[in-house]
Amino acid sequence: MSIKEHRKLRKQDPYLDREKTRYTHPLPSREFILQILKQNGIPTAENQLQKLLGIKRHEQDAFTRRLAAMLREGQIFRNRKGDLCVMEKLDLIKGTVQGHADGYGFLIPDDGSADLFLSAKEMHKILHGDHVLVRQTGLDKRGRREAVVVEVLERVNHRLVGRLYMDHGIMHVVAENKRISQDILIPGDSSLNASAGQVVMVEIIQQPSKQAQPIGRIVEILGDYIDAGMEIEIALRKHDLPHVFSDEIEKLSTKLPARVLRKDYAERRDLRHLPLVTIDGETARDFDDAVYCERDDHGFTLYVAIADVSQYVHPDDAFDREALTRGNSVYFPQRVIPMLPEVLSNGLCSLNPKKNRLCMVCEIRFDAHGEQQHYVFYPALMKSHARLTYTRVAAMLTHPKSKEAKQHAKLLPDLKNLHALFKVLLKARKKRGAIDFETTETQMLFNAQGKIDKIEPIQRNDAHRLIEECMLAANVCAADFLQQHGHPVLYRIHERPAADKLEALRDFLKEFGVQLGGKNKPKASDYAKTLSKIKNRPDIHLLQTVMLRSLPQAQYSPDNCGHFGLAYDAYTHFTSPIRRYPDLLTHRAIKAVLRGEQYTPGDWQELGSYCSQTERRADEATRDVETWLKCFFMQDRIGECFDGIISSVTGFGLFVALEEMYVEGLIHISELPSDYFHFDPARHCLLGERTGRQFRIGDRLSVKLVRVNLETSKIDFILNEFKKNTVPRKNKSKHKTR
């Protein structure tokens, strides 16, 4: 084929027009490169591929970079000769490594197929989280697919936090992330003079291989393991949570005005006369939302005013890029890692009392039965008339003649209107069939040294629920508004249970004489009806837990499939733009519609996946911190006995939640009474082979605390006494899937 024919071939690229819109000098598209490699039929050398595609000399560097990206993403693969192969032609599987503390691991395939087992020998070459290609070698003794690593596509661990150890003069760091089981060797000149036992940040300078362990250098010394607040410093680095604002952000923050400027009042409704109030917890510092309700003979008018963060955080400016990177604020016990700098989160954007603030308002009209009549969105200027707390509002509503109520006599009628609206919305909620799982939420109370003094349940009252219903209403209106105008948004979706989980749930419930309606497509109302029927049963904890686990996790997506748990056809997050990036996107989209424009932040699908990931990251980090604090809290109580309830059953033992301490620990299967116990995942129980003794979720036990390991954040119990199941205690709160 002549040079002219090669160049003519490039014009056959079906994606040529797309490439022309992206690049001044378009290269062959990835799809076309794959097509040519397939047509060639054999592994192809890179220079031969360049010749086939008529790549000119000045294009070679860019073409090599495109091939490198395709190699990195596993679309193509180099064999031992260096020739390029199409992945589809090879029996290779691409996926992400999931390590285990015991040294072995699994490959989670990108295509969603079944996981593959990776032996400790294979894990020696890689680290948890790496993106790799593997080849299946067969089945192991347990019937699992087993694989060997062929190629590492992407190394994801470049820095990690861990504890420094010294053994026979050799320094190494043990990672805090227990899924990374390999020690990181530290050369003597790379220790930063850290002492054994200290918590350090390590930069990996040589990744693991078949022949060698990973090598690193210490770049930061965090301090001693039990220093106050160290658990948070570790979690921040373990989960790669951005926690320091850049110099650019700090400089920009100093340029922001100290108060709302008069020029920003333009084209906003002035609602400063409305007695809007904020109602939050006692420790809250950033106030996203304020509410006010009017009532007449025909129904209610609810005003939900939300901080107008988009006025100060503009698309792709420094504040916006930082907010996107963080994704959300992270709330640790006694410390918050904000999404936005304090000058915004606690200042200009926070709806502080008696301060002029910019807001976006969702004004909703309800009839006397709580049915929504209509709504409207608009930018406004407001002034919060009071900063109230859930406890204070609940007390005022319960005792309207109390001293507290008299102090806020002017606001009391409005609070009563809100409470009346809440009651009708609650009836509408039940009629709609939203799911309410009964769970216990707790809070940690700390001493002067920053350690847990005690853990107690949060008593949810009508003020909590009142605000919850107001926020739900505004979020639903936001989703409907953007859907009606055909504007993309990140919906907060909660999909219906998967077919296999639904079948397993029905089979499980059948054993207890319980039925779940709805056949193959149950609604939230079917779950709600079942929960209502079992609420007074002694095995409610078991049945409810299994029902909850049948449901998927809520997430963000531009593809609306409704919110199953809340029983909404469309739902989004609008009410917390100070602490959640998806809410900020929703505000921008609503403003764009009001202006008759379209807001395009980029790939909505990627944004949804990313925001869902940052939310999970925050949850995992806070869970790590709370678990460690609970271990520290329990370490002086070894040898004591406690009453508990089995919260989870696994193949290696029972997790028991202590009833009065709100702490969870493990009874290892080897600590159970003399018998061979077998795990039945379908029935969520361990069953004794000889005695027939059964341990299942919801069973009450008396346990003894025998071990607390601060380094692994593990608490171990042994069985003290098996107690007869009784009705769970009444201290409950509603579990939401918002």
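The values are calculated or read from the model by the stated rules, or taken from the named source; none is laboratory data. Please read all numbers here as calculations on a predicted model, not as lab measurements. Reconstructed Cβ throughout: ideal geometry from the backbone, glycine too, with neighbour counts over all protein chains shown. To get the accessible areas, we keep the full protein, side chains included, count just its heavy atoms, and leave off ligands, DNA and RNA. Shrake-Rupley method; radii C 1.70, N 1.55, O 1.52, S 1.80 Å.
Using a 10 Å cut-off on Cβ atoms, rank the peptides 580-590, 701-711, 255-265 from the highest mean neighbour count down. Can you show the working numbers first?
Numbers: 580-590: 26.1, 701-711: 16.4, 255-265: 11.1.
Descending packing order for the listed peptides: 580-590, 701-711, 255-265.
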- [ ] Apply the membrane-span-like helix rule to the chain: whole DSSP H runs, Cα extent along the own long axis of at least 30 Å, mean Kyte-Doolittle hydropathy at least -0.5. List the helices found.
- [x] 462-484
TODO: Rounded to the nearest Å, what's the spacing between the alpha carbon centres of region 214-254 and region 547-582? Just the number, please.
DONE: 31
Open item on the list: For Rg/Rh (Cα atoms, Kirkwood Rh), pick the label among (1) 0.96; (2) 0.99; (3) 1.15 that corresponds to the value derived from the coordinates.
Closed with: (2)
- [ ] Rank by packing, highest mean first: peptides 547-558, 592-603, with packing defined as the count of other Cβ atoms within 10 Å averaged across residues.
- [x] 547-558, 592-603
Open item on the list: Please give the Cα centre distance for region 394-421 versus region 320-337, rounded to the nearest Å.
Closed with: 34
- [ ] On the protein heavy atoms, probe 1.4 angstrom, tell me the percent of accessible surface of region 159-225 carried by carbon and sulfur.
- [x] 46
Open item on the list: Leaving ligands and nucleic acids out of the surface, order T439, T398 by accessible area at 1.4 Å, largest first.
Closed with: T398, T439
- [ ] Could you tell me what percent of the accessible area of region 91-154 is made up of carbon and sulfur, with a 1.4 Å probe and every protein chain present?
- [x] 46
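Write down the accessible area per residue of region 27-183 in Å², having rolled a 1.4 Å probe over the full set of protein chains.
On the way: 8180 Å² over 157 residues.
It amounts to 52 Å² per residue over region 27-183.
Restricting to Cα pairs below 8 Å that are 6+ residues apart, what does the relative contact order work out to for region 159-225? Please round to a whole percent.
On the way: 158 pairs, mean separation 21.8, N = 67.
Relative contact order for region 159-225 comes out at 33 percent.
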Task: Under 18 Å from the Cα of K210 - lysines, other chains or at least 8 residues apart - done: K121, K125
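Suppose accessible area is computed on protein heavy atoms with a 1.4 Å probe; arrange R217, R623 from highest to lowest. Provide the component values of the computation, followed by the final result.
Details: R217 100, R623 135 Å².
Sorted descending by solvent-accessible area, the residues read R623, R217.
Would you mind telling me the antiparallel percentage of the DSSP bridges in the chain, rounded to 5?
Values: 124 of 136 bridges.
That works out to approximately 90 percent antiparallel.
Over 28 Å between C-alpha atoms is what I'm after, so list which of K427/K630; K427/K519; K423/K501; K423/K535; K38/K81; K56/K81 land there.
In this structure, K427/K630; K423/K501 exceed 28 Å between Cα atoms.
Provide the gained length on full extension for the span A68 to R259, in nm with one decimal, where the gain is 0.36 nm per separating residue minus the Cα-Cα distance.
Additional length available on full extension: 63.7 nm.
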Task: Out-of-range pairs (alpha-carbon distance over 32 Å; input K383/K529; K141/K178; K430/K704) - done: K383/K529; K430/K704
Open item on the list: Going by Cα centres, region 496-542 and region 594-628 are how many Å apart?
Closed with: 31
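Taking 0.36 nm per intervening residue step and subtracting the Cα-Cα distance, what contour gain separates A318 from I108 on full extension?
Details: separation 210, 0.36 × 210 = 75.60 nm, distance 3.53 nm.
That works out to 72.1 nm of additional length.
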Task: Ordering of 411-417, 533-539 by packing [mean C-beta count within 10 Å, highest first] - done: 411-417, 533-539
Open item on the list: Solvent-accessible area of E176, probe 1.4 Å, all protein chains present, reported in Å² to the nearest ten, please.
Closed with: 20
Open item on the list: List the aspartates and glutamates whose Cα sits under 12 Å from the Cα of K238, skipping any in the same chain fewer than 8 residues away.
Closed with: E176, E620, D624
Open item on the list: Please report the accessible area of R78 (heavy atoms, 1.4 Å probe, ligands and nucleic acids excluded) in Å², nearest 10.
Closed with: 90
- [ ] Give me the distance in nm between label points sitting 7 Å out from Cα along the Cα-to-Cβ direction at K501 and K521, one decimal.
- [x] 1.9
